[in-house]
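The values are calculated or read from the model by the stated rules, or taken from the named source; none is laboratory data. Keep in mind it's a predicted model, so treat the numbers as computed, not measured. All Cβ positions, glycine included, derive from the backbone under ideal geometry; neighbour counts span all protein chains shown. Quick note on the areas: whole protein, heavy atoms, side chains included, nothing else; ligands and nucleic acids left out. Shrake-Rupley method; radii C 1.70, N 1.55, O 1.52, S 1.80 Å.
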Amino acid sequence: MALAFDEYGRPFIILKEQEQKTRLSGLEAQKANISAGRAVSRILRTSLGPKGMDKMLQSPDGDVTITNDGATILEQMDVDNQIAKLMVELSRSQDYEIGDGTTGVVVMAGALLEQAERLLERGIHPIRIAEGYEMASRIAVEHLERIAQKFDFGPTNIEPLVQTCMTTLSSKIVNRCKRALAEISVKAVLSVADLERKDVNLDLIKVEGKVGGKLEDTELIYGITVDKDMSHPQMPKQIEDAKIAILTCPFEPPKPKTKHKVDIDTVEKFQTLRQQEQKYFDDMVQKCKDVGATLVICQWGFDDEANHLLMHQNLPAVRWVGGVELELIAIATGGRIVPRFQELTPEKLGRAGLVREKSFGTTKDKMLYIEHCANSRAVTIFIRGGNKMMIEETKRSIHDALCVARNLIRNNFIVYGVGAAEISCSIAVEAAADKYPGVKQYAIRAFADALDAVPVALAENSGLQPIETLSAVKSQQIKENNPHFGIDCNDVGTNDMCEQNVFETLIGKQQQILLATQVVKMILKIDDVISPSDY
């Protein structure tokens, strides 16, 4: 209702039509919020596990992405509902912090919301449900620490890291090459890791891809690849023991800052100008030669005359190299980025054992390999694949594997995957619920039921009977008091995930439970949805 005045100053009242009312409050608002969260969870549910399905996403521009990575699916979905956006943020948080488990965390949150809806219908207050979930999540996280096992590894014993990365890659499109890709990921992480400080800088790992070849041709390069070639076709294609000048200044005569005009009315004046320009070029090239550089990598371009002079002076050069690539080259070769020719000294040159130009396919696309660097802490994973979509999905898969290896270096405790950890936590939470009298007990039991949603989804996606499979595995865990039993998704013939070598990082699984609980608590406490038209 609102008060308004007509053109003569007479007041009148405007009543909004009840049919157009959009505001929700109380139980209605909570159920609407839960419904929106569950809708997002249902989309990702079928993508969970080694037999999970893929989603095809089409952007407004018509670009198509095929993936089963939860963070990528939600990132590219056009979501309007605010609660659905919270679920997108949930997946993104898991991706930023852990890098893996982005699908599982949303499925877990959806299961918690489903159980919460049943409790709300029984008349239990949402605050009591939120408190019960908080207690249950603490019980589950503490239980995970109890059942976790320490994984010993080192530079010579990388098998534990490889096995854990293979678990991550099992649910991706690239699972047929999971062993090779897991080994590449682990070697890349160990190359840039500081094992004493338990620190890994993933920015030092460059992931490049080029269409052509097959997935098995993916390789790890102890150095940097640049999607460029030598600036002149007659320059040498291979340089050994290269001394590299890394420049951010152009091979061009200086230009005045103000507007200028040069009038040339005689041949002599043109010759003078040309000689002056050539002297600039000669001086620039000579400064590079004097400090001992055998290769110049420049952020800017240079014209044909400079290119011609560089070739005649036997100084190979690469132009138009991006700023990020320049930094990685400087880190790998131990060189310094030089902004002016006057500052160029022999100490600022980078060093590489081999710089070579490599061509691919019938189109002869060229790339530059800078290998055997003085500081091999910067490495490149070079992916090959049949099409662009395959390469992009492989990049996402390798990112997950790199993050898992990094997490194990930070905290080398693991739990067993494919639902084994969730089932074990569910049993522990169910048993602990008896200790809590009152209404909270219902919420804690509901949390235990929600934990079962992950193994049920894994069984469904693998074509198994979900209820029968879950009951069998749960009774087996209780009977043998062994938390290693999970869902046999690949029909290996054993439920023991220790025998199948299916591992997940402890911190990744704990983060999933904590993040899902936090977001669900936030959604449960919203009892009024106010749109801009309501005020």
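Brief remarks on what is shown
- Every residue from segment 292-304 that is surrounded by fewer than 16 Cβ atoms within 10 Å (Cβ to Cβ) and either of a type in the set (V, I, T) or more than 14 Å from L247 (Cα to Cα) (or both): G292, D303, D304
- Near pairs, Cβ below 6 angstrom, 6+ apart or cross-chain, from segment 165-178 (outside the structural domain of T102 (by the TED database)) to any residue that is open to solvent by less than 30 Å² (accessible area, probe 1.4 Å) and aromatic (F, W, Y): T167/F503
- Within segment 374-425, tally of residues that are over 18 Å from the mean Cα position of the chain (by Cα) and not β-branched (V, I, T): 20
Residue by residue, here is whether (1) in contact with a helix residue (DSSP H, G or I) (Cβ under 7 Å, 6 or more places away or on another chain); (2) farther than 26 Å from I184 by Cα holds:
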| site | (1), (2) |
| --- | --- |
| L90 | yes, yes |
| A109 | yes, yes |
| I127 | no, yes |
| M135 | yes, yes |
| C165 | yes, no |
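- Residue match in segment 79-91 (condition: part of a helix (DSSP H, G or I) and within 21 Å of L506 (Cβ to Cβ)): yes
- Residues in segment 103-126 that are farther than 27 Å from K509 by Cβ and in contact (Cβ under 8 Å) with a residue 24 or more places away in the chain: 4 in all.
- Taking the criterion of being buried (at least 20 other Cβ atoms within 10 Å of the Cβ) and part of a helix (DSSP H, G or I), the residues of segment 478-506 that qualify are M497, Q500, L506.
- For segment 339-452, the helices (runs of 4 or more DSSP H) that sit wholly inside it and include 2 or more residues that are of a type in the set (F, W, Y) and crowded, with 18+ Cβ neighbours inside 10 Å are 440-451.
- The condition (being assigned to a loop (DSSP other than H, G, I, E, B) and either open to solvent by less than 10 Å² (accessible area, probe 1.4 Å) or acidic (D, E) (or both)) is satisfied by just one residue among L326, L315: L315.
- Residues of segment 92-101 that turn out to be part of a helix (DSSP H, G or I) and either crowded, with 18+ Cβ neighbours inside 10 Å or of a type in the set (D, E) (or both), as a count: 3
- Any chance I139 is under 17 Å from the mean Cα position of the chain (by Cα) and not polar (S, T, N, Q): no
- E393 vs. criteria touching a helix residue (DSSP H, G or I) at 6+ places or on another chain (Cβ under 8 Å) and among the acidic types (D, E): yes
- Options E268, E240: the member that is part of a strand (DSSP E or B) and open to solvent by 90 Å² or more (accessible area, probe 1.4 Å): E240
The rows are residues; the columns are (1) under 17 Å from T168 (Cα atoms); (2) among the hydrophobic types (A, V, I, L, M, F, W, C).
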| residue | (1), (2) |
| --- | --- |
| L368 | no, yes |
| H372 | no, no |
| G385 | no, no |
| C403 | yes, yes |
| L408 | yes, yes |
| N412 | yes, no |
| Y416 | yes, no |
| I423 | no, yes |
| I427 | no, yes |
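- Per-region count, segment 289-302, residues at pLDDT below 85 and in contact with a helix residue (DSSP H, G or I) (Cβ under 9 Å, 6 or more places away or on another chain): 1
- Single residue of R92, R42, R38 found to be basic (K, R) and within 22 Å of T394 (Cα to Cα): R92
- A Cβ distance below 6 Å, combined with a sequence gap of six or more or placement on separate chains, defines the contacts here; from segment 453-464, residues that are without any contact (Cβ under 8 Å) to a residue 60 or more places away in the chain and assigned to a helix (DSSP H, G or I) reach residues that are open to solvent by less than 10 Å² (accessible area, probe 1.4 Å) and of a type outside the set (G, A, S) in the pairs P455/I423; P455/I487; A459/I487.
- Being in a helix (DSSP H, G or I) and open to solvent by 20 Å² or more (accessible area, probe 1.4 Å) is a description that does not apply to I66.
- Answer from G334, G385, G323, G361 - the residue that is farther than 14 Å from V296 by Cα and not assigned by the TED database to the domain that holds H232: G385
- The combined condition, being outside any strand (DSSP E or B) and touching a Phe, Trp or Tyr at 6+ places or on another chain (Cβ under 6 Å), is fulfilled by T167.
- Criterion applied to A140, A130 was being among the small types (G, A, S), closer than 22 Å to L86 by Cα and either in the same structural domain as T72 (by the TED database) or open to solvent by 30 Å² or more (accessible area, probe 1.4 Å) (or both), and the one residue passing it is A130.
- Scanning segment 149-183 for residues that are surrounded by 21 or more Cβ atoms within 10 Å (Cβ to Cβ) and touching a strand residue (DSSP E or B) at 6+ places or on another chain (Cβ under 6 Å) gives T164, T167.
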